[in-house]
1. Between residue A:182 and residue B:148, what is the label-to-label distance in nm when each label sits 7 Å out along the Cα-to-Cβ direction?
2. Expressed as a whole number of Å, what is the distance separating the alpha-carbon centroids of segment A:88-139 and segment A:262-276?
3. Among A:234, A:286, B:111, what is the fewest-to-most ranking by other Cβ atoms within 10 Å?
4. Pop the C-beta distance of residue A:193 and residue B:101 into the FRET formula with R0 = 56 Å and round what comes out to the nearest 0.05.
5. Set the Förster radius R0 to 51 Å, insert the Cβ-Cβ distance between residue A:285 and residue B:129 as r into 1/(1 + (r/R0)^6), and round the FRET efficiency to 0.05.
6. Quote to one decimal, in nm, the extra length available between residue A:153 and residue A:216 on full extension: 0.36 nm per residue of separation minus the C-alpha distance between them.
7. If r is the Cβ-Cβ distance from residue A:245 to residue A:300 and R0 is 25 Å, what FRET efficiency results, to the nearest 0.05?
8. Roughly how large, in nm² to one decimal, is the mean projection of the convex hull of the alpha-carbon atoms in segment A:231-294?
Amino acid sequence: MLTRPHRRVTTLSVLGTVIAAAALGALAATPAHAEGGCKDGRLVCVGVDTPGSPGTTTPSGDTSGSGPAPGCTWGAMTVQCSLPGKGFFYQGCYYTAAAAPAPDDPVWQTSGKSPGDTSGGFYNPTYCLPGEEGVQGNLRWLPIPAAATMTPEELARRALSKLRLLPPPMHLTPGPGKTGLVSLPVWLWVDANANTWGPASDTDADGPLSLTLTAAVERIVWDMGDGDTVTCTTPGVPYDPAYGDRMSPECGYAYQHISKGQPNDAFTVTATTHWKVTWTASTGATGTIPGVTRTSTVGDIRVGELQVVNT
Amino acid sequence: MARVLYERDLHMADTPIGGIGVRTRTTAAAAVMAGVFLAAAGCSSDSGSDAAASSPPPAPSSPSAPASPSAEDQAREQVLAAYAKYAAASDRVQHEGRAPAMGGDEKTYMTDKARTEYQAIGLDMEAEKTRVTGDVVRTPAVTVLDLASTPPRATITACLDVSAIKLVDAAGKPVTTNVQAPRYVQTAALVRDGDGGAWRVDGVTSDRQRTC
């Protein structure tokens with residue numbers, strides 16, 4: 001433990017004189033004492049260093065007080081492994097964890113990494129030592145798995161934002177610009193695909209935390225513009241003239257009032273899809289994100305009365 | 001054979017630099033040996049080199065011509081100036097007790113090796129939450145000046161009087177310190193960047209038990 005720091009005596013060694021020999025002798029005769037983490041350039045160090053005769057040791061081996069932790073070196077120098085505000089030491093710099101960049105952030109490409117790579121993470125260099133000063137200020141990928149900086153809920157929100165959930169492409173009979181009749185069946189449907197009806201799924205990760213999120217429409221609410229709403233749990237069935245005046249087997253309506261007197265003498269119909277969003281995290285946690293909706297509107301829905309002519 | 005004696009007292013500083021008094025004193029006899037200067041430190045020591053300080057060493061013969069005294073004078077002053085800058089920066093960091101900001105001009109008078117220690121000292125003190133108070137008085141002298149080597153090298157031997165220095169914690173309360181001589185010997189190695197380039201401190205060695 002009581003090792004003597006390396007002494008640089010090369011400048012003296014070139015002399016080969018009596019003086020040099022004397023000087024070397026003096027250095028060698030200097031009592032060995034533990035300096036531990038007391039760097040040569042320090043004026044004074046923390047410690048309980050006891051002056052000892054050459055070669056003495058103490059049972060604890062701790063004669064130098066609180067020197068830096070021995071684990072981190074840069075060149076021949078022992079440095080602090082971590083510091084408040086500066087983060088942890090890694091190859092010449094101190095780093096703090098950075099939020100994972102968005103998957104389309106070019107920094108992934110410049111780092112040669114893919115967003116799903118959890119073998120490391122992105123870090124901000126906060127302070128660098130000579131040799132690594134060029135790193136300063138640049139977000140850097142290090143092969144150190146990032147500690148999760150997001151909660152599962154936050155990660156779920158981010159995963160959701162990356163799903164393209166679209167408003168429902170709505171259809172109804174007889175359609176905008178045409179005039180339907182009171183009491184006649186109106187067929188209601190939407191073009192259903194993964195983006196408009198689900199299920200849509202995405203996996204996202206933040207450090208060691210990963211999460212799979214699934215979104216699917218659980219109901220669609222048609223606001224018919226006359227004060228009534230129709231709630232369906234399916235996309236509905238597209239109307240075909242072959243169906244004549246039959247009711248939609250899944251999602252339909254029949255206006256009871258004419259649209260005359262409404263703004264522009266027409267109803268405005270709004271369809272809102274209500275999505276059920278659920279997620280499962282790698283930690284086993286599960287959850288839902290409530291209140292996810294998408295809305296489409298179509299105007300100029302005209303409803304008239306059947307004129308019955310008695311003959 | 002040439003033998004040149006230098007007996008000067010530069011007193012280039014006594015001027016506080018960043019609150020630190022730096023007194024530069026070059027006493028001593030120096031012998032020119034193929035461009036190598038030998039001078040004893042401007043402080044007493046137990047190294048047995050006192051004799052060298054009080055009387056010039058025997059001048060050895062040298063087959064090569066010595067550098068001109070003016071070039072050596074100039075180099076000596078530059079070496080002392082580089083050490084004074086190093087000392088001021090090092091002392092400032094220790095008074096602040098935190099790592100120095102990056103991007104300063106330290107690289108003009110410290111090599112990367114020296115700067116690494118200089119920064120690491122600030123980091124250590126930041127971790128300890130300590131800083132020093134009081135002034136250190138440094139009495140440096142150029143003890144080796146070798147303009148013929150590649151790169152040119154110099155050694156400064158300085159006596160550091162740290163008797164007024166206290167180590168304190170964040171609250172300003174004194175902290176138990178290592179035991180060392182109140183005036184101890186520090187040796188600094190300097191190198192020159194090529195011919196005519198800047199002298200830079202490459203590292204220091206402290207003999208904390210060696211009284212001066």
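1. Going by the 7 Å Cα→Cβ label model, 12.1 nm.
2. Distance between centres, Cα-based: 49 Å.
3. Arranged by neighbour count, lowest to highest, A:234, A:286, B:111 become A:286, A:234, B:111.
4. In this case the efficiency is close to 0.50.
5. In this case the efficiency is close to 0.85.
6. 20.9 nm
7. Between residue A:245 and residue A:300 the formula returns 0.70.
8. Average projection, Cα convex hull of segment A:231-294: 7.3 nm².
Just so you know, all these numbers are worked out from the coordinates, no wet-lab data involved. Everything quoted here is computed from the prediction, not taken from an experiment. Backbone-built Cβ (ideal geometry, glycine too); neighbour counts: all protein chains shown.
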